[in-house]
1. List, in order, the whole-Hz ³J(HN,Hα) value for each residue of region 88-95 obtained from phi through the Karplus relation with A = 6.51, B = -1.76, C = 1.60 and θ = phi - 60°; use x for Gly and Pro.
2. For Gly51, enumerate residues with amide H under 5 Å from its amide H, sequence gap 5+ or separate chain, H modeled in the peptide plane.
3. Give me a comma-separated list of calculated 3J(HN,Hα) values for region 59-72, in order, Karplus coefficients 6.51, -1.76, 1.60 applied at θ = phi - 60°, integers in Hz, x for any Gly or Pro.
4. Apply the Karplus curve 6.51 cos²θ - 1.76 cosθ + 1.60, θ = phi - 60°, to the phi angles in region 73-83 and return the couplings in whole Hz, x for Gly and Pro.
5. For Ile98, which sequence-distant residues (separation of 5 or more, or a different chain) have an amide H within less than 5 Å of its own amide H, given hydrogens modelled in the peptide plane?
6. Across region 27-118, what fraction of all alpha-carbon pairs, as a whole percent, falls in each successive 5 Å bin from zero upward?
7. Just the ratio, please: alpha-carbon radius of gyration of region 44-90 over 2.2 N^0.38 Å, N its number of residues.
Amino acid sequence: MKRYTILFTLLFALINTACEDKKEDSFTIIGKWQFIEMQNDNGEWIIIENGSISEFCDCGTYREGDYLESTYTFDESTMILKIKDYLEFSVEPESNKIMVLLTYQGSTRTLKKTKYKRIE
């Protein structure tokens with residue numbers, strides 16, 4: 001009986017550790033992100049020095065720098081980010097610390113990609 005108790009305790013510890021590791025690797029948009037790269041019309045990535053800081057709070061508030069505050073929604077199942085109900089982006093996480101935002105701009109609906117790095 002003592003062996004079974006030890007076995008179940010060990011099994012529970014392993015399962016619990018695996019679940020915690022999965023949570024740490026999962027993507028969340030909440031936090032501060034710095035604009036670090038953008039893709040030009042030729043598809044090349046350009047490094048941005050001292051890019052703007054954006055913050056997504058868990059209460060649904062979005063801030064960019066000191067001058068813009070708005071609301072946002074993020075659907076984790078579709079990876080669609082909406083800011084103030086009219087700006088819409090597709091989010092492609094490269095990891096839980098890097099994300100790429102895709103948006104279509106202008107009358108020709110040109111695809112633009114911007115890359116952000118989590119800083120907090």
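Throughout, read-outs are computed from the coordinates displayed, never taken from laboratory work. For clarity, every value in this text was computed on a predicted model and none was experimentally measured.
1. 10, 10, 8, 10, 10, x, 8, 6
2. none
3. My calculation for region 59-72 gives 8, x, 9, 10, 10, 10, x, 9, 10, 10, 9, 8, 10, 8 Hz in order.
4. Taking θ as phi minus 60°, the curve returns 10, 9, 9, 5, 6, 9, 6, 9, 10, 10, 10 Hz for region 73-83.
5. Long-range HN contacts for Ile98: Arg118.
6. 3, 13, 22, 28, 20, 10, 2, 0
7. In units of the globular-protein estimate, region 44-90 measures up at 1.29.
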